[in-house]
Amino acid sequence: MADALRLEIDRLRAELNRHNELYYQHAAPEISDLEYDRRLKELADLEEKLGEPVPDDSPTRRVGEAPVDRLTPVTHRVPMLSIDNTYNLEELQEFFRRTEKALEGEPIEWVVELKIDGVAVSILYEQGQLVRGVTRGNGIVGDDITHNVRTVLGVPKKLAGKSAPPVVELRGEIYMIESDLVLLNEELAEENRRRQEEAERAGKEFKPRPPYKNTRNVAAGTIRLLDPKLCRERRLRFFCHGIGYAEGLTTKNHTEFLGKAAKWGAPVAPHIQSFPTSAEALAYCETVVESLHSLDFEVDGLVVKVSDFGQRERLGRTSKSPRWVVAYKWEKYEKMTTVREIRVQVGKTGALTPVAELEPVDIAGTTVSRASLHNFEEIARKDVRVGDVVIVEKAGKVIPHVLRVEKHLRSDELPEYPLPTACPACGGELAKDEGGVYLRCINPECPAQLQERLRYFAGRNAMDIEGLGDKVVAQLVERGLTKTYGDLYRLTKEDLLTLDLVKEKKAEALLAGIEASKSRGLARLLDGLAIRHVGTSVSKILARRYGTIERLRAATAEELSAIHDVGDVIAESVAQFLASDRGKAILDDLASLGVKLESDEPAVATSQVLAGKTLVVTGTLVKYKRDEIKELIEAHGGKAAGSVSKKTDYVVAGEAAGSKLDKAKELGVPILTEDEFEALLASEPG
């Protein structure tokens, strides 16, 4: 048994070592990250089962791969460890639970960043001057790539300002954007054509170089080239996302460090968010994936970190990875196909969404025949045309999207896609969002909008009307049986029996579902009304806060914007809808038909003693849980924020308050105990 285990362990080690070499030294991986991690876990399980000491050179103990022979090896002053990976939200929740247990009773600031699919690098500065750039290598020893790092866009040759410490390592990712990969492949195709012609004239054979497959492989191969001229031509870029060795740095947490790095002139990874609770960080991780299509660089996950450096030190590390950070990754699949047509859909708020109809292609076991192009600015940015050969990506649970156009395969006669001048459904006038990217049909009677609004209104998260599916809704609109939400509640059995495939039993069940939906309550109704920027969570917040539609109608946009998770844009949208003739008519009509416009839960008692005030809570509280005090702040008109700034009015500090308390003292922000906070709530506004 033991001999068989050893043989399988040796086989897996050899296989993983080979894949490590392909990935790190040759930038030519043969398997996906997910498949690699599965085999690595299989090896770890077998090593544990065998019960013998695991050698240090086992892939389960090593970070990366040996340095490249032709480059000078450099030992990292602080090991450049890899990050543990998770591939689902359950594993991510377990990371949160494990970390919170290790730091039991301590407030934790969580930072969520994009995991950019590039090459990890450490850049050393001494007295503000760039001294050396080094790859991760095996985590202990990397390759000296200073000659190439100096050509990378965004890498400061000298740190700006006077606040940089005497010695500091900026750690981050060197990457390539998709549009530069498109240009690189176009240039390669042109070079292949030129050399092919030269070979034909000379009567010689010529084997064209294949196009580059993805940005990560190009970045990894380029950064190790000996000729910096080639690196400069390929326009690699840099994002800073961490710190290595430093001398004289007084920063206490990651958020503060990134702020300083930006002031020094280092480009910091975009879309970084911090959260006071793991629940908020988890919710963000769950939803942010859907917006990443607009980025021009590859992202293969998110990185979740504990911000406080002291807490990081106490959490420590394993032989491979720090315990204070984890990567939440999603598996990406890419396939090449052709755009057969671009259609335009009209959504419930009038937004026009272009969709690429594709030559069907199998991606990860699913036949994909269409992909969202999201908006017309994205079509222009990627220059998508009917007839183009494109790379379609499917990542995690996100709908497939066009990653890039293979322009080197484009025929010259393909015309640019024209911007619509009228609504494709009703021919109505279009308007572009102010400061936004969407074109919208502004005709409130547009049948396509009505159909989408009714479909959403009947959906599970809203009024949950059983049996009112897409086909039934489409027929109701086409035949003029429903022109408003209220018309659903006026439908008769006779009306429904005129629809295709609707018999008496189905008609009766549908009428029963419509009747039952009247009692769903205010939160579901607000969600179902398709008010711009208002989704399920905001609907619940508003319903719980105000209790009835009358109280919500009486609230001003300013009052609404003071509620945590609402803000100015949502508040203005809600206030405008409720005050508009259309909004009033919809709600009055629904009320007359017996639709419940009250919340199932009693409204939270409120005052305006904290109106316009921003409060930050830090430390361990005795009287309140974190969610309870946040709700209390909002109930009294205040806004509960996650970080201290000059705009903070009060900081409520419990025991073991850390960097936020220090920041408040530094900025002169008033600091309250729990008793002082309660006394403030009991005072008169003003």
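Could you grab the pairs with beta carbons closer than 6 Å, sequence gap of 6+ or different chains, first residue in segment 288-302 and within 16 Å of Asp383 (Cα to Cα), second one crowded, with 23+ Cβ neighbours inside 10 Å and of a type in the set (S, T, N, Q)? Short answer, once both residue conditions are applied: none. So Thr367 fits all but one of (1) of a type in the set (Ser, Thr, Tyr); (2) more than 29 Å from Val477 (Cβ to Cβ); (3) open to solvent by less than 70 Å² (accessible area, probe 1.4 Å); what number is the exception? Of (1) of a type in the set (Ser, Thr, Tyr); (2) more than 29 Å from Val477 (Cβ to Cβ); (3) open to solvent by less than 70 Å² (accessible area, probe 1.4 Å), only one is false for Thr367: (3).
Contact map, segment 663-685: first residue farther than 16 Å from Lys630 by Cα, second residue open to solvent by 60 Å² or more (accessible area, probe 1.4 Å) and not polar (S, T, N, Q), Cβ cut-off under 7 Å, separation 6 or more or different chains; pairs are Ala664/Ile671; Leu667/Lys646. Among the residues of segment 374-396, count how many are at pLDDT below 90 and touching a Leu at 6+ places or on another chain (Cβ under 9 Å). Count: 3. Number of residues in segment 463-511 that are β-branched (Val, Ile, Thr) and in a helix (DSSP H, G or I) equals 3.
At least 2 residues that are of a type in the set (Asp, Glu) in each: list the strands (runs of 3 or more DSSP E) lying fully within segment 328-426 that qualify.
On the way: elements: 332-346, 352-363, 366-372, 389-395, 401-405.
Counting at least 2 such residues, we get 332-346, 352-363.
Residues of segment 111-140 being more than 17 Å from Ala220 (Cα to Cα), hydrophobic (A, V, I, L, M, F, W, C) and either out of contact with any Pro (no Cβ under 9 Å at 6 or more places or on another chain) or at pLDDT below 95 (or both), which ones? Of everything in segment 111-140, those that are more than 17 Å from Ala220 (Cα to Cα), hydrophobic (A, V, I, L, M, F, W, C) and either out of contact with any Pro (no Cβ under 9 Å at 6 or more places or on another chain) or at pLDDT below 95 (or both) turn out to be Val111, Val112, Leu114, Leu124, Val131, Ile140. When the residues of segment 634-650 are filtered to those that are open to solvent by less than 30 Å² (accessible area, probe 1.4 Å) and in contact with a His (Cβ under 7 Å, 6 or more places away or on another chain), the one that is modelled with the highest pLDDT is Ala640. Candidates are the residues of segment 606-633 that are in contact with a strand residue (DSSP E or B) (Cβ under 8 Å, 6 or more places away or on another chain), open to solvent by 60 Å² or more (accessible area, probe 1.4 Å) and of a type in the set (Lys, Arg); the one that is modelled with the highest pLDDT is Lys613.
Restricting attention to segment 651-667, the residues being basic (Lys, Arg) and either assigned to a loop (DSSP other than H, G, I, E, B) or surrounded by fewer than 20 Cβ atoms within 10 Å (Cβ to Cβ) (or both) number 1. Residues in segment 84-123 that are crowded, with 21+ Cβ neighbours inside 10 Å, over 18 Å from the mean Cα position of the chain (by Cα) and within 24 Å of Tyr175 (Cβ to Cβ): Val119, Ala120, Val121, Ser122, Ile123.
When the residues of segment 291-309 are narrowed to those that are outside any strand (DSSP E or B) and modelled with pLDDT of 90 or more, which ends up least open to solvent (accessible area, probe 1.4 Å)? Step through it out loud before you land on a result.
Taking segment 291-309 first, the residues outside any strand (DSSP E or B) are 291-296, 298, 307, 309.
Among the residues that remain, those that are also modelled with pLDDT of 90 or more are: 307, 309.
On the way: Ser307: 0, Phe309: 48 Å².
Here the answer is Ser307.
Can you find, within segment 668-686, the residue that is modelled with the lowest pLDDT among those that are of a type in the set (A, V, I, L, M, F, W, C) and open to solvent by 40 Å² or more (accessible area, probe 1.4 Å)? Among them, the one singled out is Ala682. For the residues Arg13, Arg70, Arg39, Arg61, the requirement of being of a type in the set (Lys, Arg), in contact with a helix residue (DSSP H, G or I) (Cβ under 9 Å, 6 or more places away or on another chain) and at pLDDT below 80 singles out Arg39.
Per the conditions (1) crowded, with 18+ Cβ neighbours inside 10 Å; (2) basic (Lys, Arg); (3) over 30 Å from Asp470 (Cβ atoms); (4) modelled with pLDDT of 90 or more, the sole criterion not satisfied by Arg323 is (1).
Among the residues of segment 310-327, those identified as assigned to a loop (DSSP other than H, G, I, E, B), within 22 Å of Asn88 (Cβ to Cβ) and out of contact with any helix residue (DSSP H, G or I) (no Cβ under 7 Å at 6 or more places or on another chain) are Thr318, Lys320, Ser321. In this structure, Cys446 does satisfy being buried (at least 19 other Cβ atoms within 10 Å of the Cβ) and over 30 Å from Ser179 (Cβ atoms). Checked against the criterion of being open to solvent by less than 60 Å² (accessible area, probe 1.4 Å), of a type outside the set (D, E, K, R), at pLDDT below 80 and more than 17 Å from Pro276 (Cα to Cα), the candidates Ala575, Ala603, Ala591 yield just one match: Ala603. Of everything listed in (1) surrounded by fewer than 18 Cβ atoms within 10 Å (Cβ to Cβ); (2) in contact (Cβ under 8 Å) with a residue 12 or more places away in the chain; (3) more than 22 Å from the chain's Cα centre (by Cα), the single unmet condition for Lys162 is (2). Exactly one residue out of Pro276, Pro270 is out of contact with any Asp or Glu (no Cβ under 6 Å at 6 or more places or on another chain) and surrounded by 21 or more Cβ atoms within 10 Å (Cβ to Cβ): that is Pro276.
In segment 124-135, what residues are surrounded by 24 or more Cβ atoms within 10 Å (Cβ to Cβ) and out of contact with any His (no Cβ under 8 Å at 6 or more places or on another chain)? It would help to see each step written out before you state the result.
Taking segment 124-135 first, the residues surrounded by 24 or more Cβ atoms within 10 Å (Cβ to Cβ) are 133-135.
Those that are surrounded by 24 or more Cβ atoms within 10 Å (Cβ to Cβ) and out of contact with any His (no Cβ under 8 Å at 6 or more places or on another chain): Gly133, Thr135.
The conditions of being assigned to a helix (DSSP H, G or I) and open to solvent by less than 80 Å² (accessible area, probe 1.4 Å) are met by Ile514. Can you find even one residue in segment 490-503 that is within 30 Å of Ser573 (Cα to Cα) and in contact (Cβ under 8 Å) with a residue 12 or more places away in the chain? The answer is yes; a qualifying residue exists.
The values are calculated or read from the model by the stated rules, or taken from the named source; none is laboratory data. Bear in mind the structure is a predicted one, so any value in this text is a computation, not a measurement. Neighbour counts run over all protein chains shown; Cβ positions are idealised from the backbone, glycine included. Just so you know, the surface numbers come from the protein's heavy atoms only, side chains and all, with ligands and any DNA or RNA stripped out. Shrake-Rupley method; radii C 1.70, N 1.55, O 1.52, S 1.80 Å.
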